[in-house]
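Scroll down for the structure; my scribbles are underneath it.
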Amino acid sequence: MKYYLFFVFLLSGTLSACCNFLARIFFQNVFSYGVSVVLGYFVGMATAYMLYKAVFGNENTQLSSIRRFILVNLIGMAQTYVFSMAFYEIFSLFLRSNHAEDVSHLLALSMLSITSYTLHKNYTFRHKLTKRRTI
């Protein structure tokens, strides 16, 4: 069961990261790279909530789990922003600008998967997992 949850979480995270990445590209037509990373993160976060709820949650939406989800994702957004900008500074030295942005954002989103899984499993949806195991 533990490996199944991790696999489904990674699949859900991959889908939400794709939404995040594509939204960043869309937003970048209007906004700067940094602002687009943050706006894209909100799109990915909304997608992720629906998918993660299916993995960890039940049909009842609890305000406390929504608050925890938002808190974890604010941490994830900060991490994604910082790593995206740092990687961009490095990759822009030897890649064209749009390639440096894409590679930087993809790497930052990839790093987020482990942090996100750990925090959501142990904090956001912890009480729901405990109930599920006892049944």
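The values are calculated or read from the model by the stated rules, or taken from the named source; none is laboratory data. Only a predicted model underlies this, so the values are computations on that prediction, with no experimental measurement involved. Cβ atoms come from the backbone with ideal geometry, glycine included; neighbour counts cover every protein chain shown. The area values use the complete protein model at the heavy-atom level, side chains included, leaving out ligands, DNA and RNA. Shrake-Rupley method; radii C 1.70, N 1.55, O 1.52, S 1.80 Å.
Quick notes on this structure:
- Where a residue in segment 57-71 is within 20 Å of V8 (Cβ to Cβ) and surrounded by 10 or more Cβ atoms within 10 Å (Cβ to Cβ) and its partner, wherever it lies, is at pLDDT below 65 and not small (G, A, S), with Cβ under 7 Å and at least six apart: G57/K128; N58/K128
- Inter-residue pairs, beta-carbon under 6 Å, first closer than 13 Å to F83 by Cα and in segment 106-133, second modelled with pLDDT under 75, 6+ apart: none
- In segment 1-52, the residues that are crowded, with 19+ Cβ neighbours inside 10 Å, small (G, A, S) and more than 25 Å from S64 (Cβ to Cβ): A17, A23, S36, G40
- Scan of segment 114-135 for residues that are assigned to a helix (DSSP H, G or I), of a type outside the set (S, T, N, Q) and either modelled with pLDDT under 55 or open to solvent by 40 Å² or more (accessible area, probe 1.4 Å) (or both), ordered by number: I114, L119, K121, Y123, R126, H127, K128, L129, K131, R132, R133
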